[in-house]
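**Student:** Here it is, the structure in full.
The values are calculated or read from the model by the stated rules, or taken from the named source; none is laboratory data. Keep in mind that this is a model prediction, so the values were computed, not measured. No Cβ is skipped: glycine too gets one built from the backbone with ideal geometry, and neighbour counts run over all protein chains shown.
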Amino acid sequence: MNNFQVIIDWANRDLRSTLLGIAAGILIFFIGRWLAHRLTRYAFRSMQRAHLDPLVVRFLETLIFWGLMATVIIAALRQAGVYITSLTALLAAAGVGIGLALKDSLSNVASGLMILLNKPYAINNFVDVGGATGSVEEVQIFNTVLRTSDNIRVIVPNSSITSNNIKNYSAFETRRIDLVVSIGYGDNIGLARDLLMDLMTSHPLVLSVPPPTVDVLDLAQSSVNLAARSWVLTQDYGRVRSDLLEQLKSRLDESGFSLPYPQQVVHVQQPV
């Protein structure tokens, strides 16, 4: 059967049977689509009752729906008189071109499966993936959907996620806040350490275990840099960090500590 068999098959049929076939095909398509939605919804609820990971549930939901729709479309085409064997021959002839065109899409599908198997993040995790940062809303067959902190929907191809580093800020229950505080060489390091420790331990959202710490980080050119480290629950990270920075500036000003700026001494030699 050559590539023109589809046209020949259509030409050999009378007009009445052709129109009836087309009408039946359209009817099968719409009824099949309705059934696909119902079956997909039933599968979705069953997976939820089985307490599957929400990431897996949403991915499989999409996969099941489009798998059913592929079956419906084939049945509708066959009823309309388009013989699938002939159509397959036509597609096979263009197989190389189609394969090249779908290369990136197939890569995204494979990457989506890798994400489901490895589970580097879950729904509502705050992540940095593929050059985008936001909360994970869903993992689709081809893409991962994020919502940024300013409520923007970002769609990231799955292949760009698995081929790059993945930062999951919600992976653990606690996070450490690292603040670098610079004081002048003439300031008292012990007093600065006590001030920072009191600032962190007095905040109601700073955890006592592990305890806060203050260490000398660096003796820079124009300042002594102290590292103030404290632990908080992950969901409190942004709020506590902002609070500590604001209170830190006020407390340093009240205690008379100087906030050093980069300085450079220039010697000008006068001509003799």
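**Student:** Residue check, E173 against (1) out of contact with any strand residue (DSSP E or B) (no Cβ under 7 Å at 6 or more places or on another chain); (2) loosely packed, with under 12 Cβ neighbours inside 10 Å, all met but one. Which one?
**Tutor:** Against the list (1) out of contact with any strand residue (DSSP E or B) (no Cβ under 7 Å at 6 or more places or on another chain); (2) loosely packed, with under 12 Cβ neighbours inside 10 Å, E173 comes up short only on (1).
**Student:** Let me ask you something else. Here are some residues: L117, L113. Which one is loosely packed, with under 11 Cβ neighbours inside 10 Å and at pLDDT 70 or above?
**Tutor:** Details: L113 fails: loosely packed, with under 11 Cβ neighbours inside 10 Å.
Within the list L117, L113, the selection yields L117.
**Student:** For segment 114-135, what are the residues that are of a type in the set (A, V, I, L, M) and touching a residue at least 24 places away in the same chain (Cβ under 8 Å)?
**Tutor:** Selection gives M114, I115, L116, A122, I123, V127, V129, A132.
**Student:** Among S242, S208, S258, which is the only one that is in a loop (DSSP other than H, G, I, E, B), of a type in the set (S, T, N, Q) and modelled with pLDDT of 90 or more?
**Tutor:** Just a single option satisfies the conditions, and that option is S208.
**Student:** Another question, then. For segment 169-191, which positions are more than 22 Å from the chain's Cα centre (by Cα), part of a loop (DSSP other than H, G, I, E, B) and small (G, A, S)?
**Tutor:** G184, G186
**Student:** Also, I was wondering about something else. Take segment 115-137 and flag every residue that is more than 19 Å from L60 (Cβ to Cβ) and small (G, A, S).
**Tutor:** Those that are more than 19 Å from L60 (Cβ to Cβ) and small (G, A, S): G130, G131, A132, G134, S135.
**Student:** Restricting to segment 217-235, name every residue that is without any contact (Cβ under 8 Å) to a residue 60 or more places away in the chain and part of a strand (DSSP E or B). Break it down into steps so the answer makes sense when it comes.
**Tutor:** We begin by selecting, within segment 217-235, every residue without any contact (Cβ under 8 Å) to a residue 60 or more places away in the chain; these are 217-232, 235.
The answer is L217, D218, L219, V224, N225, L226, A227, A228, R229, S230, W231, V232.
**Student:** Can you spot a residue in segment 124-147 that is under 30 Å from V224 (Cβ atoms), modelled with pLDDT of 90 or more and not hydroxyl-bearing (S, T, Y)?
**Tutor:** No, segment 124-147 has no match at all.
**Student:** Okay, next question. Taking segment 187-216 as the region of interest, how many residues are without any contact (Cβ under 8 Å) to a residue 40 or more places away in the chain and touching a strand residue (DSSP E or B) at 6+ places or on another chain (Cβ under 7 Å)?
**Tutor:** Pass one, segment 187-216, residues without any contact (Cβ under 8 Å) to a residue 40 or more places away in the chain: 188-190, 193-194, 197-198, 201-202, 204-216.
Applying the additional criterion that residues be touching a strand residue (DSSP E or B) at 6+ places or on another chain (Cβ under 7 Å) yields 189, 193, 197, 205-207, 210, 212-216.
Final tally of qualifying residues: 12.
**Student:** Based on this model, can you work out whether S182 counts as modelled with pLDDT under 85 and surrounded by 13 or more Cβ atoms within 10 Å (Cβ to Cβ)?
**Tutor:** no
**Student:** Can I ask one more? I need the full set of residues from segment 140-152 which are in contact with an Asp or Glu (Cβ under 8 Å, 6 or more places away or on another chain) and surrounded by fewer than 20 Cβ atoms within 10 Å (Cβ to Cβ), in order please.
**Tutor:** Answer for segment 140-152, where residues must be in contact with an Asp or Glu (Cβ under 8 Å, 6 or more places away or on another chain) and surrounded by fewer than 20 Cβ atoms within 10 Å (Cβ to Cβ): V145, R147.
**Student:** Yes or no: segment 194-205 includes at least one residue that is surrounded by 13 or more Cβ atoms within 10 Å (Cβ to Cβ), charged (D, E, K, R) and assigned to a loop (DSSP other than H, G, I, E, B).
**Tutor:** no
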